[in-house]
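Reviewing the structure listed below.
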Amino acid sequence: MSRIRSSGAAPERAVRQILSRSEIRYRMNVRDLPGKPDFANKTRKFAIFVHGCFWHSHENCALASDPKSNRSYWQAKLERTKARDLAHIERLEELGYRVLVVWECSSRKSQEAQEQIVEFFGRSRRPSS
């Protein structure tokens, strides 16, 4: 568990690369916004979270395994994480932000992540391949 990084992980790097190619300006890990989004722009009012499928309990995903040992601990922990994520997203939306969640499994398929980001920002910001 000590090797799991909170920032700079491969899914985050993949999204950062797509945003940079799309010439979308952002700040990383914005501490003064609810949930400390992985990518955000206060002027354009958007926030992007890159969620690990296991840690954030991505439904119907092979990467979001159900722990077999110490089940009561893990179920409670993962449920708290889901509730906290939802609260952060709701708070950001109350502040007028558009929020996108990119899951680890889709960031592994760069085309899928790119389509999500293009759709989120509209067709005017199509990333160059």
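The values are calculated or read from the model by the stated rules, or taken from the named source; none is laboratory data. Here the structure is a predicted model, which means the values were calculated and not measured. Counting neighbours? That spans all protein chains shown, and the Cβs are built from the backbone with ideal geometry, glycine included.
Key figures
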{"item": "Which numbered condition ARG16 fails, given (1) at pLDDT 90 or above; (2) farther than 18 Å from GLU93 by Cβ; (3) not polar (S, T, N, Q); (4) not in a helix (DSSP H, G or I)", "result": "(4)"}
{"item": "Filtered residue count, region 19-51, keeping only those that are in a loop (DSSP other than H, G, I, E, B) and either hydrophobic (A, V, I, L, M, F, W, C) or modelled with pLDDT of 90 or more (or both)", "result": "18"}
{"item": "Among residues of region 30-67, those that are under 22 Å from ARG108 (Cα atoms), surrounded by fewer than 17 Cβ atoms within 10 Å (Cβ to Cβ) and under 11 Å from the mean Cα position of the chain (by Cα), counted", "result": "0"}
{"item": "Answer from SER57, SER106 - the residue that is among the small types (Gly, Ala, Ser) and touching a residue at least 24 places away in the same chain (Cβ under 8 Å)", "result": "SER57"}
